[in-house]
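Some notes on the structure that comes next.
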């Protein structure tokens with residue numbers, strides 16, 4: 001899978017609310033928010049992943065293995081103040097890279113990049129909704 005990032009900058013209202021929170025809580029809110037956005041990309045990727053026909057398949061992996069091994073995860077930097085999320089393929093479906101980019105023997109069938117391209121607006125919207133809702137809950141507590 002090619003490395004890619006979707007960065008969110010701006011959102012003056014959201015940033016102003018985040019500044020009012022304690023640093024650790026703000027980091028936790030944004031960690032959850034970026035993960036919410038990653039789940040949108042994951043759902044798009046799962047819609048697009050090629051599932052092999054059982055009649056034609058004779059390989060070592062079960063059809064649907066690639067689908068089952070698409071995952072989203074939270075990420076943090078060493079300083080614990082920079083958060084993010086990633087969507088990718090676990091090592092159990094290492095061949096997903098070959099499907100995405102192709103090989104000298106097989107044509108590419110991209111599903112991750114189109115999922116990121118198609119889902120980026122929804123991911124940003126999910127990030128904003130999660131962060132706004134969580135900030136409102138924390139402000140009431």
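Computed from the coordinates by the stated procedures, all read-outs in this text should not be read as laboratory data. As the structure is a computational prediction, the values presented were derived from the model and not from experiment. FYI the Cβ positions are ideal-geometry reconstructions off the backbone, even for glycines, and counts take in every protein chain you see.
Arranged from fewest to most other beta-carbon atoms within 10 Å of their beta carbon, 77, 132 become 77, 132.
Segment residue 104..residue 47, full-extension length gain: 17.9 nm, with 0.36 nm per residue of separation and the alpha-carbon distance subtracted. Working from label points 7 Å from Cα in the Cα-to-Cβ sense, the residue 117 to residue 80 distance is 4.0 nm.
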